[in-house]
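The values are calculated or read from the model by the stated rules, or taken from the named source; none is laboratory data. Quick caveat, the model's predicted, so the values are computed rather than measured. No Cβ is skipped: glycine too gets one built from the backbone with ideal geometry, and neighbour counts run over all protein chains shown. We work out accessible area using only protein heavy atoms, side chains counted, and drop any ligands, DNA or RNA first. Shrake-Rupley method; radii C 1.70, N 1.55, O 1.52, S 1.80 Å.
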Amino acid sequence: MRKEFESITIARNGLTLALSKLVLLTFYFIGFLVLLIKELKPKGKVLTAFNVITLPIILLGTYLIITHMFYGLSHGSNVSQDFPWGIFIGFNVMVGVPFAGGAYVLAFVVYILNAEKYHPILRATILNGFLAYVFYASAIFLDLGRKWNILNPIIGNEFGVNSVLFLVAWHFLLYMIAQFIEFSPAIAEWLELKRLRKILSSMTLGACVFGIALSTLHQSGLGALFMMAKNKLHPLWYTEFIPVLFFVSSIFAGLSCVIVEGTISKKVFRHRMSEEYLKNYDDIVIGLARGCAITLFVYFFLKVLIFIHGKSWVYISSPMGIWYLVEVLGFVLIPCLMFYYGQRDRRINLIRVAALVTMLGVIINRINYSMIAYKWYLPLSEKYIPTWQEIVITLTIVFTQLWIFRWVVNRMPVYGEVPEWAKEKELEEEEYQAELGFTMANGGQRYRDY
Amino acid sequence: MKRREFLKVALSGLGLFASSAICSKTVFSSEIKAKTKEFFGVLVDTTRCIGCRTCEASCAESHSLPIPNIEDKSVFTKIRKPDEKTLTVVNRFLTEKGEIYVKIQCMHCNQPGCVAACLVKAMKKRKEGPVTWDENCMGCRYCMVSCPFDIPKFEYDEAFGRIMKCDMCYGRISSGKVPACVEVCPKEALTFGTRRDILNEAKKRIYQTPGLYVPYIYGENEVGGTAFLYISSYPFEKLNFQMDLGYTPYPEYTTGFLYSVPVILILWPAFLTGIHYLTKERKKEIER
């Protein structure tokens, strides 16, 4: 009797504890919602050119997305039996992911190489990368023919571990988590959650290391997807080095995107930027341009090697061969030289133009793989050309991402300096960790003494 | 390096090593290997086919698809491909040796690209030989990109479409029957049997009737071998067969990449953490 009673009391106590925690959590959650609703009110002018152009597109796009989801893939779309992958994968995913590559490159430079110079632009880049991944994952969702099965490779309704796409899917998911952790200290600073920030920022290095490994694999994995389309890709584009090419090009694609994004942000978010950021901005851009010039040259060199090894001279006089030359000379070699001269003579505007050309080149390259060089032997009438609905949906995805980017930048310390308390804590944290390590190494001896 | 840092690195390294070891095991062991040569296949003898298209009709019937009008000979004016409503089609070629009819459908490769492509194993190579499709498919259509013969098709008009392709009548085979198209063929242009038997049969026909066949069995070695085999009296490249596919099984084009995955997952983090601590110490020295 007594024992039973005791166990009931213990259970009841446990339950009360759990309940009180739940109530507390609910309060936190409600508080967060209230804050969020308050924060949803736009800061700054409402009637800007950007808003006037993008809002109607987003509204129309949302409507199209909803109809697209219920009436099957063929609704307002040109994907066909010959071209199973349309603009959502061919553009949003294939182009969006390398553009988000700046996040892992800069994480490598700042956290692994400890090059402090690039720290000021890191948060914006990681935020950009994270949002890009979230929205491109949603583009994949739109492109799935059996959308409600999207969780199958995650929950294990059969793991196709020998599939490249399986790897890409898992690395996408894990990398999104890693990027969120990398960015999360900024959220904690915004909400002034000091304790949480300490925990989150201690996870940054691990998330970075893990994130870089994942990025290497899924950036190249996107290219590896085309390895089995051997007889469908034009021989000038098909090589066993597609994964390497995709990986290298993601470096300069990401860095160029950072340069262009920084140029726009410097105009739009100037009021949110710290003095340190504005002071160092030119130096940072020149450093990035140097990185772009080198990686573009490596890429060009690889392309030449592959071209010579593949004995591809025979194809070069065909229309596809000329298109290949346009891509490799016009959008790899020329921006490479522009970056080189730009960083040598400190011509920021030349670097900006080069970044734009590079981005365009990456778009052309990825669209070649998914649409133009893919089944190049079909006549134009049977080729895939996106419908206006598909283009509106694509733009909706990009613009929504920009809106959320703006919302976050206007509230969290993305370009600006971190709050004072966070800085102090950073120091304290190192001491705290040192102490913790010492205690652990001594088997807790030190605390036993007290 | 301090002791706690060393411990951290060592622990994370161990964890990663363990996880990638598990990863690599699953990656390596799931390679698609043709387990046995004894699975079933179909021999298509194009010299016997008269283009009656009863195979098309019986295929549609046994898969509950719209049944084509086989009296309509106008379909032969252009070359057709199988699609989501017709899993097999017969094409006509006018040659100096007369009309030649070629039935096409899924080739049921020994090591199929679509199976290697599928991230939820909705595509399966059954031990009886057929390559089949399952309901847990996400509709990503990577199988369509990966198929050397461009066979899987998707029902785009449905909110919950299926991948449609010939399944060699998997249900019928597993209950001991022959595929629907083989059963109805009036001219015995289609022969069902174990792949070994039909391969021998094909060789026998080629060598016992001199001058009738070109000495080539399409599908014997293409993309590592297929369960459907073709023999013909006319060069295959002129009958719209793809002759440039090579003899390498398609999944092998991605194995190189897949093998690099565990390697990178082990080496990269160790390398990166190492550089991090090296540069960090150097930074501190400079600051001092």
Check your understanding: B:Gln242: net charge of surrounding residues, Cβ under 10 Å, Lys/Arg +1, Asp/Glu -1, itself excluded?
Key -> -4
Study note, to complete from the structure: Mean per-residue count of partner chain Cβ within 10 Å for A:232-241 equals 1
Check your understanding: Relative to a virtual label point 7 Å from the Cα of A:Asn78 in the Cα→beta-carbon direction, which members of the stretch B:133-166 show backbone nitrogen distances below 19 Å?
Key -> B:156-157
Revision key, fill the gap. Spelling it out for B:Phe228: with amide H atoms placed in the peptide plane at 1.01 Å from N, the residues 5 or more places away or on another chain with amide H under 5 Å from its amide H are B:Val42
Review point. Using the membrane-span-like helix rule (whole DSSP H runs, Cα extent along the own axis of at least 24 Å, mean Kyte-Doolittle hydropathy at least 1.6), which helices of chain A qualify?
Key: A:49-70, A:348-367
**Study point:** Counting all C-alpha pairs of the stretch B:173-244, share separated by more than 20 Å (%)
**Key:** 36
Check your understanding: Karplus couplings for the stretch A:152-160 from phi (6.51 cos²θ - 1.76 cosθ + 1.60, θ = phi - 60°), rounded to Hz, Gly and Pro as x?
Key -> 3, x, 8, 7, x, 6, 6, 9, x
Exercise for review: Write down the accessible area per residue of the stretch B:158-254 in Å², having rolled a 1.4 Å probe over the full set of protein chains.
Suggested key: 46
Exercise for review: Mind giving me the nanometre distance, one decimal, between the label points for A:Glu382 and A:Leu305, set 7 Å out from Cα along Cα→Cβ?
Suggested key: 3.7
Exercise for review: Report the net charge of residues surrounding A:Leu165, where surrounding means a beta-carbon distance below 15 angstrom and charges are Lys +1, Arg +1, Asp -1, Glu -1.
Suggested key: +1
Check your understanding: What FRET efficiency would be calculated for the residue pair A:Ile322, A:Leu59, taking the C-beta separation as r and a Förster radius of 30 Å, to the nearest 0.05?
Key -> 0.15
Review point. A:Glu39: accessible area at probe 1.4 Å, nearest 10 Å²?
Key: 30
Study note, to complete from the structure: Heavy-atom accessible area of B:Arg92, protein chains in place, probe 1.4 angstrom, given in Å² to nearest 10, is 70
Review point. Packing-wise, with mean Cβ within 10 Å as the measure, how do A:285-296, A:217-228, B:231-242 rank, highest first?
Key: A:217-228, A:285-296, B:231-242
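Given R₀ = 25 Å, FRET efficiency for B:Val214-B:Lys78 by Cβ-Cβ distance, to 0.05?
On the way: r = 25 Å, r/R0 = 0.99.
With R0 = 25 Å, the Cβ-Cβ based efficiency is 0.50.
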Check your understanding: When all protein chains stay in place, what accessible area (Å², nearest 10, 1.4 Å probe) is found for B:Lys73?
Key -> 100
Revision key, fill the gap. If each K or R counts +1 and each D or E counts -1, the residues other than A:Tyr111 whose Cβ falls under 10 Å of its Cβ total 0
**Study point:** 222 nm mean residue ellipticity, helices alone, for the protein assembly as shown (DSSP H n ≥ 4; -39,500 (n - 2.57); rounded to 500)
**Key:** -18500 deg cm²/dmol
Review point. What residues have an amide H closer than 5 Å to that of B:Phe154, excluding those fewer than 5 places away on the same chain, when H is modeled at 1.01 Å from N in the peptide plane?
Key: B:Met164
Practice item. Return the whole-Å distance between the Cα centroid of the stretch A:179-205 and the Cα centroid of the stretch A:20-91. Key: 25
Practice item. Work out from phi, with θ = phi - 60° and the Karplus expression 6.51 cos²θ - 1.76 cosθ + 1.60, the ³J(HN,Hα) of each residue of the stretch A:77-85, listed in order in whole Hz, and give x for Gly and Pro. Key: 8, 9, 4, 9, 5, 7, 10, x, 10
Review point. Which pairs, out of B:Lys97/B:Lys203; B:Lys85/B:Lys203; B:Lys73/B:Lys204; A:Lys232/B:Lys103, put more than 29 Å between their alpha-carbon atoms?
Key: B:Lys85/B:Lys203; B:Lys73/B:Lys204
Point to revise | Surface share of carbon and sulfur [accessible, 1.4 angstrom probe, percent] for the stretch A:78-155 | key: 72
Check your understanding: Taking +1 at the Cβ of each Lys and Arg and -1 at the Cβ of each Asp and Glu, which of A:Ile199, B:Gly211, A:Leu302 sits farthest along the dipole of the protein assembly as shown towards its positive end, judged by Cα position relative to the Cα centre?
Key -> A:Ile199
Practice item. Return the distance in nm (one decimal) between the two label points of a simple spin-label model at A:Ile199 and A:Glu417, each offset 7 Å from Cα along Cα→Cβ. Key: 2.9
Exercise for review: Using label points projected 7 Å from each Cα along Cα→Cβ, tell me how many nm separate A:Lys147 and A:Leu35, to one decimal.
Suggested key: 3.2
**Study point:** FRET efficiency, 1/(1 + (r/R0)^6) with R0 35 Å, evaluated for A:Val260 and A:Ser138 via beta carbons
**Key:** 0.95
Practice item. Ignore the peptide's own chain and count Cβ atoms of other chains within 10 Å of each Cβ in A:72-79; give me the average, rounded. Key: 4
Point to revise | Order of exposure, largest accessible area first, which applies to A:Ile140, B:Ile198 with probe 1.4 Å | key: A:Ile140, B:Ile198
Check your understanding: How many Cβ atoms of partner chains, on average, are near each residue of A:202-213 if near means within 10 Å of its Cβ?
Key -> 4
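For B:Thr248, A:Thr263, give the ranking by accessible area with the largest first, probe 1.4 Å.
B:Thr248, A:Thr263
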Point to revise | Zone residues, the stretch A:335-354, relative to A:Leu360, backbone N less than 13 Å from point 7 Å out along Cα-to-Cβ | key: A:335, A:353-354
**Study point:** Under the Karplus curve 6.51 cos²θ - 1.76 cosθ + 1.60, θ = phi - 60°, whole-Hz ³J(HN,Hα) for the stretch B:172-180, x wherever Gly or Pro sits
**Key:** 5, 4, 5, 9, x, 9, 9, x, 4
